[in-house]
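First comes the structure, then the notes that go with it.
The values are calculated or read from the model by the stated rules, or taken from the named source; none is laboratory data. Since the model is a prediction, treat every value here as computed from it, not as a measurement. Don't worry about glycine lacking a Cβ; one is built from the backbone with ideal geometry, like all the others, and counts go over all protein chains shown.
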Amino acid sequence: MTLFWVGFLVLVVILLALDLGVFHRNPHEVTIKEATGWTIVWITMGLAFSGFVYLMFENGWGGAMVQGDDGRMIPNAGGEAAAKYVTAYLLEKSLSVDNIFVIALVFKQFKVAPMHRHRVLFWGVLGAIIMRGIMLIGGVMLLRKFDWLFYVFGAYLIYTGLKLFAPEKEDDDDEEGPSDGFIGKLRKFLNVAPDSVDHQGKLLVKVDGKTMISVLGLCLVVVEWMDIVFALDSIPAVLAVAPEPFIVFTSNIFAILGLRSLFFVLEKAIHKFAELKYALAIILTFIGVKLVGHGYFKLPNWVSLTVIVVCLAVAIGISLLRQKARASEA
């Protein structure tokens, strides 16, 4: 099994190296056409990896087995493993929509030029991969050792889901992003260069012979912090549908790898899909109920996958219809 973990990490490093070192070597403003193309590429790779997951768990490569609802390890369950992978992937992808919205607010707050946003997102994704890996593996180990954590995670997801049903305040945009007080404390704690210093797309700059964090670097720190905050919602949800370490890690990482291109696709259109908020609320509440009731009832994995796909499809469809109706009224 260790060989497959190492192989996957090598694949991730190669993909990231090609992304920044070859395809996005020169800083530039990412167009919608370019972002859409890359989004299709990342989603295709993410879903195609389910084929490898199927073969790996069907043939027991590296001793791979699926964990059943009763905790027993089931061999030769490639179909179940692939279904869990796709469910976890789609779940993490859908939950990243809120993350994208907040990142857009952070870029606006720091006045990050469009040509430098991909670099910030690249390093942000790299940091997220490391942090998510630690949190995911740690979460799997804790759930296996302390069964009562299922109820804690479930209750938290239900609370988060129900909270999303609450009507938004007029100043929600300001509240969702990091506050000026938080950023001010970071500036004091970190050695941040004055805003007037031209960072030229660099995260570290020289000021009077001293190395300091640029405003762009500070923006990256805030993005990383916001990702950790959002991981508190997404990680328990993903662990609820796929407790197998390899499945949950690979699905999560592939979803994160496509976050940058998806950001540039949705950045200007995020407000057109307002109903996605309610789809995420239903999904989180459903998974929370599933976690809390795991000792009393068992739901097939295809049920979770169906709920996620249907909720997202209905929310996107309603959003597009309402957008079309508003356009016809104008």
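Looking across segment 293-324 at every residue that is aliphatic (A, V, I, L, M) and in contact with a Ser or Thr (Cβ under 6 Å, 6 or more places away or on another chain), the one that is farthest from TYR278 (Cα to Cα) is identified as LEU305. Kindly indicate whether any position in segment 113-134 is closer than 17 Å to GLU244 by Cα and either touching a Ser or Thr at 6+ places or on another chain (Cβ under 9 Å) or of a type in the set (A, V, I, L, M, F, W, C) (or both). The answer is yes; a qualifying residue exists.
When VAL215, VAL229 are checked against the criterion of being of a type in the set (Val, Ile, Thr), within 18 Å of PHE110 (Cβ to Cβ) and touching a residue at least 12 places away in the same chain (Cβ under 8 Å), a single residue qualifies: VAL215.
LYS202 satisfies every condition listed in (1) touching a Ser or Thr at 6+ places or on another chain (Cβ under 8 Å); (2) of a type in the set (Lys, Arg); (3) crowded, with 22+ Cβ neighbours inside 10 Å except (3). VAL112 falls short on exactly one of the conditions (1) hydrophobic (A, V, I, L, M, F, W, C); (2) touching a Gly at 6+ places or on another chain (Cβ under 7 Å); (3) more than 22 Å from VAL53 (Cα to Cα), and that condition is (2). Since LEU91 meets every condition but one in (1) in contact with a Ser or Thr (Cβ under 6 Å, 6 or more places away or on another chain); (2) surrounded by 23 or more Cβ atoms within 10 Å (Cβ to Cβ); (3) not hydroxyl-bearing (Ser, Thr, Tyr), which condition does it not meet? So the condition that LEU91 fails would be (1). For beta carbons closer than 7 Å, sequence separation of 6+ or different chains, a first residue in segment 92-105 that is more than 16 Å from TRP42 (Cβ to Cβ) and a second that is β-branched (Val, Ile, Thr) and in a helix (DSSP H, G or I), the qualifying pairs are PHE101/ILE270; ILE103/VAL223; ALA104/ILE270. Checking the stated criteria, VAL289 turns out not to satisfy the condition of being surrounded by 22 or more Cβ atoms within 10 Å (Cβ to Cβ), β-branched (Val, Ile, Thr) and within 26 Å of ALA166 (Cβ to Cβ). Consider segment 153-186 and keep the residues that are out of contact with any Leu (no Cβ under 9 Å at 6 or more places or on another chain) and among the hydrophobic types (A, V, I, L, M, F, W, C). The one that is modelled with the highest pLDDT is PHE165. Here is the figure for segment 195-205: residues that are modelled with pLDDT under 90 and either farther than 18 Å from LEU126 by Cβ or within 16 Å of the chain's Cα centre (by Cα) (or both) total 6. Got at least one residue in segment 70-84 being in contact with a strand residue (DSSP E or B) (Cβ under 7 Å, 6 or more places away or on another chain), surrounded by fewer than 18 Cβ atoms within 10 Å (Cβ to Cβ) and free of Cβ contacts under 8 Å to residues at least 40 places away in the same chain? For segment 70-84, residues in contact with a strand residue (DSSP E or B) (Cβ under 7 Å, 6 or more places away or on another chain), surrounded by fewer than 18 Cβ atoms within 10 Å (Cβ to Cβ) and free of Cβ contacts under 8 Å to residues at least 40 places away in the same chain: present. In the set (1) loosely packed, with under 15 Cβ neighbours inside 10 Å; (2) at pLDDT 85 or above, MET212 fails one condition alone, (1). Considering segment 142-152, and only residues there that are among the aromatic types (Phe, Trp, Tyr) and not in a helix (DSSP H, G or I), the residue that is modelled with the highest pLDDT turns out to be TRP148.
The set of residues in segment 120-169 being among the aliphatic types (A, V, I, L, M) and without any contact (Cβ under 8 Å) to a residue 40 or more places away in the chain consists of ILE130, ILE134, MET141, LEU142, LEU149, VAL152, ALA166.
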